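The values are calculated or read from the model by the stated rules, or taken from the named source; none is laboratory data. Just so it is clear, the structure is predicted and the values come from calculations on it, not from any experiment. So basically every Cβ, Gly included, is an ideal-geometry build from the backbone, and we count neighbours across all protein chains shown.
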Amino acid sequence: MDIARMNSPAFAVARMQKVKNAMTAILCGAVPAAFLGTRFPTSPWHWLVGFAVGLVWANAFEYFYHRYLLHLPGNYLGRMHELHHASVGTPLEVEHLNLGGTPPLVLAAFVLNGLLVTFFGEVLFKLRISPGIFIAFTVYVILMEEVHWRIHVGGWLPAWLNFGRDHHLHHHDRPDARYNVFFPLFDWLLGTAKD
């Protein structure tokens, strides 16, 4: 990692944005999980099943959000994402790394997903797995943004995530494929993990 770039004001601002996004995700995930867990009591088994379902749900959301909103020309999210693609390898890259965008966008993602999860998981089907889904979604959002950050700034990743670095950087060479950042489950399922 370039020390001069790490000490730049832009790096500090971007890192603070990442922290704000993470704090927003924690608040938007933990509070509903605690509320639902007390309002609709569950067992540890329900939390574990919910967590597993939540990881898959978050991976699907990441895929569809990235493919169909961030790569949709002409909308606000698409324009912001174009800046990310255009800045790769430039001194401005660090300014466009936060996939969550801003705390209001992170909040919007949690509200949209939270309404769906709560309606289907608690109201309609009474599965009692929503608290685990909220926790998994929170973990996934924070992990995705952290891994994305490290992929672009050359930060350390565990050896088992190095394939994620290659997978994501290939997306910048070919933006019509590889929409998952580090765990390409939905890229594999939907045929966009291609070379």
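Can you pull out the residues in region 152-163 that are under 19 Å from residue 96 (Cα atoms) and in contact with a helix residue (DSSP H, G or I) (Cβ under 7 Å, 6 or more places away or on another chain)?
Within region 152-163, the first condition is being under 19 Å from residue 96 (Cα atoms), and the residues that meet it are 152-155.
Passing the criteria: 152, 153, 155.
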Taking region 174-186 and keeping only residues that are more than 16 Å from residue 161 (Cα to Cα) and outside any loop (DSSP other than H, G, I, E, B), one is left with 186
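Assess whether residue 124 counts as being of a type in the set (A, V, I, L, M), surrounded by 13 or more Cβ atoms within 10 Å (Cβ to Cβ) and over 14 Å from the mean Cα position of the chain (by Cα). Lay out the reasoning, then the answer.
Numbers: of a type in the set (A, V, I, L, M): yes; surrounded by 13 or more Cβ atoms within 10 Å (Cβ to Cβ): no; over 14 Å from the mean Cα position of the chain (by Cα): yes.
Judged against the criteria, residue 124 is not a match.
Evaluate the following for residue 58: is it closer than 30 Å to residue 129 by Cβ and surrounded by 19 or more Cβ atoms within 10 Å (Cβ to Cβ)?
Working: closer than 30 Å to residue 129 by Cβ: yes; surrounded by 19 or more Cβ atoms within 10 Å (Cβ to Cβ): yes.
Yes, satisfied.
Which one of 143, 169 is part of a helix (DSSP H, G or I), aliphatic (A, V, I, L, M) and over 21 Å from residue 19 (Cβ atoms)? Please lay out each step first, then the result.
Values: 143 fails: over 21 Å from residue 19 (Cβ atoms).
From the options 143, 169, the qualifying one is 169.
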Among the listed residues 157, 112, which satisfies the condition of being among the aliphatic types (A, V, I, L, M), assigned to a helix (DSSP H, G or I) and surrounded by fewer than 17 Cβ atoms within 10 Å (Cβ to Cβ)? 112
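When you go through 106, 117 one by one, which is the residue that is under 13 Å from the mean Cα position of the chain (by Cα), modelled with pLDDT of 95 or more, surrounded by 20 or more Cβ atoms within 10 Å (Cβ to Cβ) and closer than 30 Å to residue 42 by Cα? Spell out how you get there, then give the answer.
Details: 117 fails: under 13 Å from the mean Cα position of the chain (by Cα).
Of 106, 117, the one residue that is under 13 Å from the mean Cα position of the chain (by Cα), modelled with pLDDT of 95 or more, surrounded by 20 or more Cβ atoms within 10 Å (Cβ to Cβ) and closer than 30 Å to residue 42 by Cα is 106.
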Answer with yes or no whether residue 99 is in contact with a helix residue (DSSP H, G or I) (Cβ under 8 Å, 6 or more places away or on another chain), surrounded by 14 or more Cβ atoms within 10 Å (Cβ to Cβ) and assigned to a loop (DSSP other than H, G, I, E, B). yes
Of the conditions (1) farther than 23 Å from residue 28 by Cβ; (2) surrounded by 15 or more Cβ atoms within 10 Å (Cβ to Cβ), residue 173 clears all except one; give me its number. (2)
In region 176-195, what residues are without any contact (Cβ under 8 Å) to a residue 40 or more places away in the chain, over 21 Å from residue 94 (Cβ atoms) and surrounded by 20 or more Cβ atoms within 10 Å (Cβ to Cβ)? 178, 184
